[in-house]
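Enquirer: I'd like to ask you about the structure that follows.
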Amino acid sequence: MCGIYATNKIISKEEAIEKLETIRFRGPDNLSVEKSKEVTFGHLRLSIIDTDERSNQPFNYENYTIVFNGEIYNFEDIRKELLELGYTFKTSSDTEVLIIGYAHWGHLVLQKLNGMFAFVVYDSNKNELFGARDRLGVKPFFYSWDGQFFEICSQLRPMLTQDSKISNSAVSAYLQAGYVPTPMSIIEGIKKLEAGSYFILNLNSKKFEIEKYWDLTKVQERNISYDQALNELETLLEDAVRIRLRSDVPIGTFLSGGIDSALVTAIASKISDDPISTFTIGFTDGKFDESKVAEQYAAILKTNHTTTIISPDSVFDQIEKLIYVYDEPFNDSSAIPSLLLNKVTKQYVTVALSGDGGDESFLGYRHFDLVNRFQKISVIPSFIRRIIASILPWHKIFKTRPETMRFVIAANATEALAEGIFLGYGSLQKKNDNSWLDHYRKYFLLAKNPFQRVADFGIKLWLENDSNVKVDRASMAYSVEVRSPFLDYRVIEFARKLPVSYRYSKQVKKKMLRDLLKKHIPEEVFNQPKKGFSMPIGKFLRGPFKDEIYSTLTDEYLNSVHNLNVSRFKWELEQHMKGTYDFSYNIWKLYLLARWQKQFNLNF
């Protein structure tokens, strides 16, 4: 787990080091800069596999140079294959396996990799660069190319210059999504390489091409019994956990009150010869606190458990950290407890397994209940639904917030419902602009079942741009590597082919995962209500944050924000402060945008 940098801009070694020092948290164990012909490489190392300095980067093999961020979990299998082909190795690292694998197979090496990665290889003979990002976009990859000069980095900050300008189209998208979606970045001229993609840049011909090597494909549902599917899933998850337990430094797991992290921890405990260390964040507000359930799991699984309870003061302390390490404005309030969780975890271990990705494949999110409700009423034309809604209190019938149910009633298709789920039910844009969504709407077309269609949309839009960004930046902020077995591409592909009924029902969510977990933990323990990994942001904004919000989100500032519906936002702000509605999502969104601009000293 590291930070990478590469450019053909004319910069000194000292300038490259200065850039990398701004994100030193990504790799505190070593910083190296090296030049190969006209390309300058930089690398920050967090040592996980083969911690010897022989595996430091930039790493060279014959005419190739690589900078690599991430982990190749199956590198030992690839290494054996290369040994049989006659190659020799000087280290026991996955970096050397990756560069020799590229030297032998070229871009086809990507089909062999199971891991999370972002890397660049330079072939000095061809004067050509090859760069790739993992299938699910777990690791970040920023780049710029103007036809003459390129620059590549794991984060945005080292790429900023005095001439950097905010992208208005990115701000407009942020006002909807609460993050800046791939391929955009918040800065004009800088992009993100899409997940499952690679590029080839020939510096002689100036030819730059991007290709996909992996993507979600059309769903072909398998004819498989539930028991057989369960057995296959168990085998697959055990292998996904096993290959992620390979580490030359201390390792543990994140353990919440949910099914996913409990199952990962249970499997890890079964496989590991030593007791697993587990870590939980709790809140002083019991409505959001899952720590007691996690402690029950830990006691049953006999883990070495650490619980940390956080207060509003802890949130204040992390805001500057959040702005600094996330690089772009990022609205997900669970980034705060994620930062605190990694801060605690780093005191004990360097690598942690997590349950991230389980809800996407096994349909565990609450929004799948909205899909279920929509299916029940979608046979009624939307205009008739609105009339009925004025008479019947459907939000009480379906036990859903009024503003959410109003959207479900008004939606004219599953696609519209999904966009509302992932983008919020009330846009802050003054002029509606959804053009950036065209990049993601094609993923609605891969499945017939509405639940899988919404899941696919979420995997491509929300998982890559929100969940994975949150986990990467929060863990890297404290030099922790997080590995997610449910984000093994084999698990994603396997789950998409299963009947939806095996994964979702209103009565039993994530049935398959529950049936596996009860082999390790009694059902009555894990069948407690799930509270989610979030914090009471609404109360914080009305309470200790109130003065800060008003002093930051002034009329002058709000009127400067590109495409912001100022009157709508001010109404939401007042309604929230009165306690009439919960508009914390949009208030936090604008607040973080303002704080980001202030720290980065950039104006619209």
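Enquirer: Taking the criterion of being touching a Pro at 6+ places or on another chain (Cβ under 6 Å), surrounded by fewer than 18 Cβ atoms within 10 Å (Cβ to Cβ) and touching a residue at least 60 places away in the same chain (Cβ under 8 Å), would at least one residue in the stretch 351-369 satisfy it?
Expert: Looking for residues that are touching a Pro at 6+ places or on another chain (Cβ under 6 Å), surrounded by fewer than 18 Cβ atoms within 10 Å (Cβ to Cβ) and touching a residue at least 60 places away in the same chain (Cβ under 8 Å), one finds none in the stretch 351-369, hence no.
Enquirer: Next up: So if I check each of K292, K321, which one is among the charged types (D, E, K, R), in a helix (DSSP H, G or I), over 28 Å from Q176 (Cα atoms) and at pLDDT 90 or above?
Expert: So the residue among K292, K321 that is among the charged types (D, E, K, R), in a helix (DSSP H, G or I), over 28 Å from Q176 (Cα atoms) and at pLDDT 90 or above is K292.
Enquirer: Kindly check whether there is at least one residue in the stretch 518-539 that is more than 30 Å from A268 (Cα to Cα) and either open to solvent by 80 Å² or more (accessible area, probe 1.4 Å) or in contact with a Pro (Cβ under 6 Å, 6 or more places away or on another chain) (or both).
Expert: Checked the stretch 518-539: at least one residue is more than 30 Å from A268 (Cα to Cα) and either open to solvent by 80 Å² or more (accessible area, probe 1.4 Å) or in contact with a Pro (Cβ under 6 Å, 6 or more places away or on another chain) (or both).
Enquirer: Which pairs have Cβ atoms under 9 Å, sit 6 or more apart or on different chains, and link a residue in the stretch 62-81 that is of a type in the set (G, A, S) to one that is part of a helix (DSSP H, G or I)?
Expert: G70/D94
Enquirer: Scan the stretch 570-589 for residues that are out of contact with any His (no Cβ under 8 Å at 6 or more places or on another chain) and touching a residue at least 60 places away in the same chain (Cβ under 8 Å) and jot them down.
Expert: Hits for the stretch 570-589 are E572, Y581, Y585, N586, W588, K589.
Enquirer: Might you let me know whether the stretch 565-583 holds any residue that is on the phi > 0 side of the Ramachandran plot, modelled with pLDDT under 95 and surrounded by fewer than 21 Cβ atoms within 10 Å (Cβ to Cβ)?
Expert: Yes, the conditions are met somewhere in the stretch 565-583.
Enquirer: In this structure, is N434 surrounded by fewer than 23 Cβ atoms within 10 Å (Cβ to Cβ) and without any contact (Cβ under 8 Å) to a residue 24 or more places away in the chain?
Expert: So N434 does not fit the description; no.
Enquirer: Consider I377 carefully, then state whether it is among the β-branched types (V, I, T) and either modelled with pLDDT under 75 or open to solvent by less than 40 Å² (accessible area, probe 1.4 Å) (or both).
Expert: yes
Enquirer: Can you find even one residue in the stretch 555-563 that is more than 30 Å from T235 (Cβ to Cβ), in a loop (DSSP other than H, G, I, E, B), open to solvent by less than 30 Å² (accessible area, probe 1.4 Å) and modelled with pLDDT of 95 or more?
Expert: yes
Enquirer: Sort out which residues of the stretch 480-509 are at pLDDT below 95 and either under 30 Å from Y348 (Cβ atoms) or among the β-branched types (V, I, T) (or both), and write them in order of number.
Expert: V508
Enquirer: If we keep just the residues of the stretch 92-122 that are in contact (Cβ under 8 Å) with a residue 40 or more places away in the chain and surrounded by fewer than 16 Cβ atoms within 10 Å (Cβ to Cβ), which is nearest to the chain's Cα centre (by Cα)?
Expert: Q111
Enquirer: Within the stretch 290-327, track down each residue that is open to solvent by 70 Å² or more (accessible area, probe 1.4 Å), closer than 20 Å to K470 by Cβ and in contact with a helix residue (DSSP H, G or I) (Cβ under 8 Å, 6 or more places away or on another chain).
Expert: Correct list: E320, Y324.
Enquirer: Can you name the residue in the stretch 512-524 that is modelled with pLDDT of 95 or more and assigned to a helix (DSSP H, G or I) and, of all such residues, is farthest from the chain's Cα centre (by Cα)?
Expert: It comes out as D515.
Enquirer: A follow-up question, please. Consider the stretch 448-459. How many of its residues are open to solvent by 10 Å² or more (accessible area, probe 1.4 Å) and assigned to a helix (DSSP H, G or I)?
Expert: Summing the residues that are open to solvent by 10 Å² or more (accessible area, probe 1.4 Å) and assigned to a helix (DSSP H, G or I) in the stretch 448-459 gives 3.
Enquirer: On the basis of being in a helix (DSSP H, G or I) and either of a type in the set (K, R) or in contact with a Leu (Cβ under 7 Å, 6 or more places away or on another chain) (or both), does L417 make the cut?
Expert: Criteria met by L417.
Enquirer: Suppose we filter the stretch 467-493 for residues that are open to solvent by 10 Å² or more (accessible area, probe 1.4 Å), in contact with an Asp or Glu (Cβ under 7 Å, 6 or more places away or on another chain) and part of a helix (DSSP H, G or I); how many remain?
Expert: Qualifying residue count, the stretch 467-493: 3.
Enquirer: For the stretch 591-600, state whether one or more residues are without any contact (Cβ under 8 Å) to a residue 60 or more places away in the chain, open to solvent by 20 Å² or more (accessible area, probe 1.4 Å) and part of a helix (DSSP H, G or I).
Expert: Within the stretch 591-600 (the criterion being without any contact (Cβ under 8 Å) to a residue 60 or more places away in the chain, open to solvent by 20 Å² or more (accessible area, probe 1.4 Å) and part of a helix (DSSP H, G or I)), the answer is yes, since at least one residue qualifies.
Enquirer: Any residue at all in the stretch 495-502 that is within 26 Å of E221 (Cβ to Cβ), open to solvent by 20 Å² or more (accessible area, probe 1.4 Å) and part of a loop (DSSP other than H, G, I, E, B)?
Expert: Checked the stretch 495-502: at least one residue is within 26 Å of E221 (Cβ to Cβ), open to solvent by 20 Å² or more (accessible area, probe 1.4 Å) and part of a loop (DSSP other than H, G, I, E, B).
Enquirer: Six or more apart or on different chains, Cβ under 7 Å: which pairs go from a residue in the stretch 313-341 that's touching a residue at least 40 places away in the same chain (Cβ under 8 Å) to one that's among the polar types (S, T, N, Q) and in a helix (DSSP H, G or I)? Could you list them?
Expert: I323/Q599; Y324/Q599; I336/Q318; L339/Q318; L340/S314; L340/Q318
Enquirer: Tell me, which residue of the stretch 125-149 that is over 14 Å from N8 (Cα atoms) and without any contact (Cβ under 8 Å) to a residue 60 or more places away in the chain is surrounded by the fewest Cβ atoms within 10 Å (Cβ to Cβ)?
Expert: F142
Enquirer: Tell me, which residue of the stretch 150-163 that is open to solvent by 20 Å² or more (accessible area, probe 1.4 Å) and part of a loop (DSSP other than H, G, I, E, B) is nearest to A195 (Cα to Cα)?
Expert: Restricting to residues being open to solvent by 20 Å² or more (accessible area, probe 1.4 Å) and part of a loop (DSSP other than H, G, I, E, B), the top hit is L160.
Enquirer: Given S560, S567, which one is free of Cβ contacts under 8 Å to residues at least 40 places away in the same chain and of a type in the set (G, A, S)?
Expert: Sole residue among the options that is free of Cβ contacts under 8 Å to residues at least 40 places away in the same chain and of a type in the set (G, A, S): S567.
Enquirer: When you scan the stretch 262-271, do you find a residue that is open to solvent by 40 Å² or more (accessible area, probe 1.4 Å) and under 25 Å from Y489 (Cα atoms), even just one?
Expert: yes
The values are calculated or read from the model by the stated rules, or taken from the named source; none is laboratory data. Since the model is a prediction, treat every value here as computed from it, not as a measurement. Quick reminder, even Gly has a Cβ in these numbers, built from the backbone with ideal geometry, and neighbours come from all protein chains shown. Side chains included, ligands, DNA and RNA excluded: accessible areas come from the protein's heavy atoms. Shrake-Rupley method; radii C 1.70, N 1.55, O 1.52, S 1.80 Å.
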